[in-house]
1. Within the stretch 178-187, is even one residue of a type outside the set (A, V, I, L, M, F, W, C) and over 18 Å from LEU114 (Cα atoms)?
2. Is it the case that the stretch 238-252 has a residue that's surrounded by 22 or more Cβ atoms within 10 Å (Cβ to Cβ) and touching a Phe, Trp or Tyr at 6+ places or on another chain (Cβ under 7 Å)?
3. It is to be established whether one or more residues within the stretch 243-254 are part of a helix (DSSP H, G or I) and within 16 Å of the chain's Cα centre (by Cα).
4. Given the criterion surrounded by fewer than 24 Cβ atoms within 10 Å (Cβ to Cβ) and either closer than 19 Å to CYS229 by Cα or in contact with a Phe, Trp or Tyr (Cβ under 6 Å, 6 or more places away or on another chain) (or both), identify the matching residue among LEU170, LEU208, LEU175, LEU181.
5. Kindly provide the set of residues from the stretch 162-201 that are closer than 21 Å to ASN145 by Cβ and assigned to a loop (DSSP other than H, G, I, E, B), ordered by number.
6. Among the candidates ALA155, ALA176, ALA210, which residue alone is in contact with a helix residue (DSSP H, G or I) (Cβ under 6 Å, 6 or more places away or on another chain), modelled with pLDDT under 95 and either farther than 25 Å from PRO81 by Cβ or among the polar types (S, T, N, Q) (or both)?
7. Cβ-Cβ below 6 Å, separation at least six or inter-chain, first residue in the stretch 239-268 and over 17 Å from THR92 (Cα atoms), second part of a loop (DSSP other than H, G, I, E, B) and among the small types (Gly, Ala, Ser): which pairs?
8. Given the structure, is LEU220 surrounded by 24 or more Cβ atoms within 10 Å (Cβ to Cβ) and either modelled with pLDDT under 95 or closer than 14 Å to TYR73 by Cβ (or both)?
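The values are calculated or read from the model by the stated rules, or taken from the named source; none is laboratory data. Fair warning: this is a prediction, and the values are worked out from it, not measured in the lab. Because the Cβ atoms are built from the backbone with ideal geometry, glycine has one as well, and the counts that use them run over all protein chains shown.
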Amino acid sequence: MRIPLKSLAAGVLASMMFAGTAHAGFAGTAHAGFAGTAHAGFAGTAHAGFAGTAHAGFAGTAHAGAEAQAPAYPRVLTNNPVYKTGPLGLKTCEEVPVQADDIEGVRVYLEFLLDCLNESWGAQLKKAGYSFTKPRLQVIPKIGNSACGKFPRGAQAVYCWDKRTMVVLLDKALLAEPYELDLMHVIAHEYGHHVQNMAGILPGYTRLPAASEKVWLGHLRRIELQAECLSGAFIGSVWHSLKRDPFDFKYIVKTAKYSDSASHGKGRNIAHWLQKGYDLEGPHACNTFTAPKSRVS
């Protein structure tokens, strides 16, 4: 299928509302867990990272002046066994074609990809010594209630870690011009959050202290950029089996370069981690928690 040109023109990551479970936050204001990344595929429609996360950070009142120094990250984030598992083993994944205005066809496409993601990441997590549970996939035709609660406006997909569920919005805008590689990118990113969940990274994130919103956003960017890298690792590992033109992935990376988001990073960093995962084809590429601040800004 041809790439929708308006998707490229709108090629940015928009920062999303924080949605999900409220946590006590900055100066006593309730903030929600985050609905996360907004990818610009699908004619510029956003997809969210993960929702429903209660974060322990920035409780209490914000103080003026210098920002508190972020604490050293725990080993579950910096030295996780999943980083030592090498390239992903699965090298083939079957794509099925999708047609405009065919929600059932798009759902089937996502389920085919989910089978590949389960096989690939399930083996990788077991290699790291973790138990593995397949995530649930829900597709919804319009904004409303979902398995992850109220679906956030402007999002295309969310992952709620407490329910181990991905929700993808297959609305009229997406179905008018569905592009397979955008769909793959979205579900692979959300699956990256599931990998983080299974490996203890998301639970570790929720326990991080954050004295201010600035510090908290720094933690959040490392989570989201890692999920982006994990999506690239999966796509790279099965790329040759897809028999696609090399330009197709370059389009996804180029789209990312137009992106800037306080919660998900500068476009150049989003593109960097996506490309790095693709090139190295495994989670060893994706340790954002030891990366310099310049790479997670």
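1. No.
2. Going residue by residue through the stretch 238-252, those that are surrounded by 22 or more Cβ atoms within 10 Å (Cβ to Cβ) are 238, 252.
Checking the rest, the ones that are also touching a Phe, Trp or Tyr at 6+ places or on another chain (Cβ under 7 Å) come to none.
Scanning the stretch 238-252, I find no residue that is surrounded by 22 or more Cβ atoms within 10 Å (Cβ to Cβ) and touching a Phe, Trp or Tyr at 6+ places or on another chain (Cβ under 7 Å), so the answer is no.
3. Step one: filter the stretch 243-254 for residues part of a helix (DSSP H, G or I), giving 246-254.
From what's left, within 16 Å of the chain's Cα centre (by Cα): 252-253.
Yes; the residues of the stretch 243-254 include at least one that is part of a helix (DSSP H, G or I) and within 16 Å of the chain's Cα centre (by Cα).
4. Step by step, each of LEU170, LEU208, LEU175, LEU181 is checked, and only LEU181 is surrounded by fewer than 24 Cβ atoms within 10 Å (Cβ to Cβ) and either closer than 19 Å to CYS229 by Cα or in contact with a Phe, Trp or Tyr (Cβ under 6 Å, 6 or more places away or on another chain) (or both).
5. ASP162, LYS163, ARG164, LEU170, ASP171
6. Step by step, each of ALA155, ALA176, ALA210 is checked, and only ALA210 is in contact with a helix residue (DSSP H, G or I) (Cβ under 6 Å, 6 or more places away or on another chain), modelled with pLDDT under 95 and either farther than 25 Å from PRO81 by Cβ or among the polar types (S, T, N, Q) (or both).
7. What qualifies is THR255/GLY11; THR255/ALA40; TYR258/GLY11; SER261/SER15; ALA262/SER15; SER263/SER15; LYS266/SER297; GLY267/SER259.
8. On the way: surrounded by 24 or more Cβ atoms within 10 Å (Cβ to Cβ): yes; either modelled with pLDDT under 95 or closer than 14 Å to TYR73 by Cβ (or both): yes.
Considered against the rule, which asks whether it is surrounded by 24 or more Cβ atoms within 10 Å (Cβ to Cβ) and either modelled with pLDDT under 95 or closer than 14 Å to TYR73 by Cβ (or both), LEU220 comes out as yes.
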